[in-house]
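A.B. asks: Sending over a structure as structure tokens; questions will come in a sec.
The values are calculated or read from the model by the stated rules, or taken from the named source; none is laboratory data. If you're wondering where the values come from, they're calculated on a predicted model, not measured in any experiment. Quick reminder, even Gly has a Cβ in these numbers, built from the backbone with ideal geometry, and neighbours come from all protein chains shown. With ligands, DNA and RNA removed, areas are computed over all heavy atoms of the protein, side chains included. Shrake-Rupley method; radii C 1.70, N 1.55, O 1.52, S 1.80 Å.
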Amino acid sequence: MALYLLYESASGYALFNAHGLDEIGQNTEAVRNSVSDLNRFGKVVQLAAFSPFQSALDALKQCNSVSEGLLTDELRNFLEINLPKVKEGKKAKFSLGVVDPKIGSQISEVSKIPCQSNEFVGELIRGVRLHFDRFIKDLKPGDLEKAQLGLGHSYSRAKVKFNVNRVDNMVIQAIFLLDTLDKDINSFSMRVREWYSWHFPELVKIVNDNYLYAKVAKYIEDKSKLSEDKISGLTDIVGDEDKAKEIVEAAKASMGQDLSPVDLINVQQFAQRVMDLSEYRRKLYDYLVTKMNDIAPNLASLIGEVVGARLISHAGSLTNLAKCPSSTLQILGAEKALFRALKTRGNTPKYGLIFHSSFIGRASAKNKGRMARYLANKCSIASRIDCFSERGSTTFGEKLREQVEERLDFYDKGVAPRKNIDVMKAAIESDQNQDMETEVPLEVSGKKSKKKAKTATANDGDDMTVDKPNGDAAGDNKSEKKKKKKEKRKLDQETEAEDMAVDEGANGVDVEQNGAVKKKKKDKKNDDGVVLEAAIETKKKKKKKSKSEDDE
């Protein structure tokens, strides 16, 4: 059986005919030995056809399709033209060797060409790749390397596809920076406390918050200059007048040593840096909350923005987190404890990063493991919804959070929770209702605009009729005729509506009518009655005539 090799190079598609394989015996080791020698390999593999790419964009398109396992029209035409044709109902006397089994299965499905992908074919294509520039004679030295470099860059750029609003990398960087800022602010705040405590040691016990301590230290500066005039300013900073008075009283009887003006300036500058870092930390937290609501709204509403961001950063991306099973998500962040437990055959950890969720803390000691398993299950569902849904909404996350609350109540009080299928149905219905609510106002506004346009055109028409001059008698006659026609149409419509009302009254429906209209209807009825009586008399006469004819 003949063997053909398909090689997708950076410059085009190449088809090689591998013959004389009986001499090699299809031995992989023999192929490896013959690959390095072009004289031996050239006797086995020969170029059958080559189809260059039209442009760099065409090369990128073909490369993307092949990497995704898709058969393009160009590749299909190239194979059908250059490979032997297979008769219907008969087996092919050749096979096509490919590197990627995905593209091989696609080729065999679409074009019915038998394909194979194994270690032997891989070694042959490796030799083709090594000596490809020798097989194509028209290629100049360096052309293939340039084509490979350009295609590699463009392929890498094309693969880095992302939606700007759903970049989980921003969340990963933000949560890393938030954690480092927390550590730095704590260490810097302790340094401010130690440094300023040499001057005013009593302030540490009065003001416990790090940010407020730095703010107060910057405001007080020298404790000897602190007087009751500054109580109002201290009250604004601390938020409590009694505490401000306590600070002033403590400054009067302070045991701290005096500092030189240069030392005080340095302390103030450092306190200002700590305050700036704290402010930046708050802004970064707000940024993280907004990004999490854009990228993973359901996960954020279920477990919180910070814990959700930590899970995404630990998994590497939202897609990796969505691929994780709930058992892996449960112990995500406790890998050391897990492997230590497996090594020592001890108890495996029950939770990892999800321990920071408030649900685990609210559960009792015996139910923490069960709560962690249930919460990991719901987090896995929420991450998959966020990753693969086209439109982001917090509906499913809120419903999943309700389920976790119900499970907590079940563990504590024994209240039976709702079934998962009922909760998901309610979530889908509420999500659909939200979509309808967003669509309906648009339709209503469209109808209103149409009505406004109609009224505007009508008003314009009225204005035009008013603005017409009264000098032309022909124009007046035309307008009078139009008015008469309109009045006739209105009368006809009214009579039709009244006829319908009369018919409904005959069927037992009460209808209110004017007196004049009733009289007209009665006259019509009388006329109809006379016509009916005449018709009955004619029928009777016909019957009598027919009877007399029968008697005769």
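A.B. asks: Going by the structure shown, is R310 touching a residue at least 60 places away in the same chain (Cβ under 8 Å), in a helix (DSSP H, G or I), open to solvent by 40 Å² or more (accessible area, probe 1.4 Å) and not aromatic (F, W, Y)?
C.D. replies: Here the answer is yes, as R310 does meet what is asked.
A.B. asks: Please go through region 392-416 and give me each residue that is within 17 Å of the chain's Cα centre (by Cα) and polar (S, T, N, Q), ordered by number.
C.D. replies: S393, T394, T395
A.B. asks: Look at A244 and say whether it is touching a Ser or Thr at 6+ places or on another chain (Cβ under 6 Å) and among the hydrophobic types (A, V, I, L, M, F, W, C).
C.D. replies: Against the criterion (touching a Ser or Thr at 6+ places or on another chain (Cβ under 6 Å) and among the hydrophobic types (A, V, I, L, M, F, W, C)), A244 qualifies.
A.B. asks: Something else: Keeping to region 231-259, report how many residues are open to solvent by 40 Å² or more (accessible area, probe 1.4 Å) and not in a helix (DSSP H, G or I).
C.D. replies: Of the residues in region 231-259, 6 are open to solvent by 40 Å² or more (accessible area, probe 1.4 Å) and not in a helix (DSSP H, G or I).
A.B. asks: Residues that are crowded, with 18+ Cβ neighbours inside 10 Å and at pLDDT 90 or above: find the helices (runs of 4 or more DSSP H) completely inside region 341-459 holding 3 or more of those.
C.D. replies: 368-388, 395-413
A.B. asks: Residues to consider are E279, E305; find the one that is acidic (D, E) and farther than 28 Å from F355 by Cβ. Write out each step before concluding.
C.D. replies: Working: E305 fails: farther than 28 Å from F355 by Cβ.
Selected residue: E279, the only one of E279, E305 that is acidic (D, E) and farther than 28 Å from F355 by Cβ.
A.B. asks: A further question follows. Test T319 against the criterion of being part of a helix (DSSP H, G or I) and open to solvent by 10 Å² or more (accessible area, probe 1.4 Å), and give yes or no. Break it down stepwise before answering.
C.D. replies: Working: part of a helix (DSSP H, G or I): yes; open to solvent by 10 Å² or more (accessible area, probe 1.4 Å): yes.
Taking the combined requirement at face value, the residue satisfies it.
A.B. asks: Further question on the same structure: Can you tell me how many residues within region 55-66 are without any contact (Cβ under 8 Å) to a residue 24 or more places away in the chain and under 29 Å from the mean Cα position of the chain (by Cα)?
C.D. replies: Residues flagged as without any contact (Cβ under 8 Å) to a residue 24 or more places away in the chain and under 29 Å from the mean Cα position of the chain (by Cα) within region 55-66 amount to 3.
A.B. asks: With respect to D286, determine if the residue is modelled with pLDDT of 90 or more, under 15 Å from I172 (Cα atoms) and surrounded by fewer than 20 Cβ atoms within 10 Å (Cβ to Cβ).
C.D. replies: So D286 fits the description; yes.
A.B. asks: Go over the candidates S327, S301 one by one and state the one that is part of a helix (DSSP H, G or I), closer than 19 Å to Q403 by Cβ, at pLDDT 90 or above and touching a Lys or Arg at 6+ places or on another chain (Cβ under 7 Å).
C.D. replies: After ruling out the rest, the residue left standing is S301.
A.B. asks: I'm trying to understand the selection: among the residues of region 196-230, which are open to solvent by less than 50 Å² (accessible area, probe 1.4 Å), farther than 12 Å from M275 by Cβ and in a helix (DSSP H, G or I)?
C.D. replies: Y196, S197, L203, V204, I206, I220, K223
A.B. asks: Restricting to region 17-54, what's the tally of residues that are surrounded by 19 or more Cβ atoms within 10 Å (Cβ to Cβ), modelled with pLDDT of 85 or more and either over 45 Å from the mean Cα position of the chain (by Cα) or not in a strand (DSSP E or B) (or both)?
C.D. replies: Residues in region 17-54 being surrounded by 19 or more Cβ atoms within 10 Å (Cβ to Cβ), modelled with pLDDT of 85 or more and either over 45 Å from the mean Cα position of the chain (by Cα) or not in a strand (DSSP E or B) (or both): 1 in total.
A.B. asks: Which is at pLDDT 90 or above and more than 47 Å from the chain's Cα centre (by Cα), of V274, V204, V262?
C.D. replies: Working: V274 fails: more than 47 Å from the chain's Cα centre (by Cα); V204 fails: at pLDDT 90 or above.
The match here is V262.
A.B. asks: Among (1) of a type outside the set (D, E); (2) in a helix (DSSP H, G or I); (3) without any contact (Cβ under 8 Å) to a residue 40 or more places away in the chain, where does K85 come up short?
C.D. replies: Condition not satisfied by K85: (2).
A.B. asks: Out of (1) outside any helix (DSSP H, G or I); (2) open to solvent by less than 80 Å² (accessible area, probe 1.4 Å), what's the single condition that is false for R193?
C.D. replies: Of (1) outside any helix (DSSP H, G or I); (2) open to solvent by less than 80 Å² (accessible area, probe 1.4 Å), only one is false for R193: (1).
A.B. asks: Can you tell which of V128, V86, V110, V167 is among the aliphatic types (A, V, I, L, M), within 31 Å of the chain's Cα centre (by Cα) and open to solvent by less than 80 Å² (accessible area, probe 1.4 Å)?
C.D. replies: Details: V128 fails: within 31 Å of the chain's Cα centre (by Cα); V86 fails: within 31 Å of the chain's Cα centre (by Cα); V110 fails: within 31 Å of the chain's Cα centre (by Cα).
When all the criteria are applied, what remains is V167.
A.B. asks: Give region 316-345 a look and list any residue that's within 21 Å of M371 (Cα to Cα), in contact with a helix residue (DSSP H, G or I) (Cβ under 9 Å, 6 or more places away or on another chain) and without any contact (Cβ under 8 Å) to a residue 24 or more places away in the chain, or say none.
C.D. replies: T328, I331, L332, G333, A334 - these are the residues of region 316-345 that are within 21 Å of M371 (Cα to Cα), in contact with a helix residue (DSSP H, G or I) (Cβ under 9 Å, 6 or more places away or on another chain) and without any contact (Cβ under 8 Å) to a residue 24 or more places away in the chain.
A.B. asks: Is there any pair linking a residue in region 199-219 that is of a type in the set (G, A, S) to one that is outside any helix (DSSP H, G or I) and open to solvent by less than 10 Å² (accessible area, probe 1.4 Å), with Cβ under 8 Å and at least six apart or on different chains, and which?
C.D. replies: What qualifies is A217/F200.
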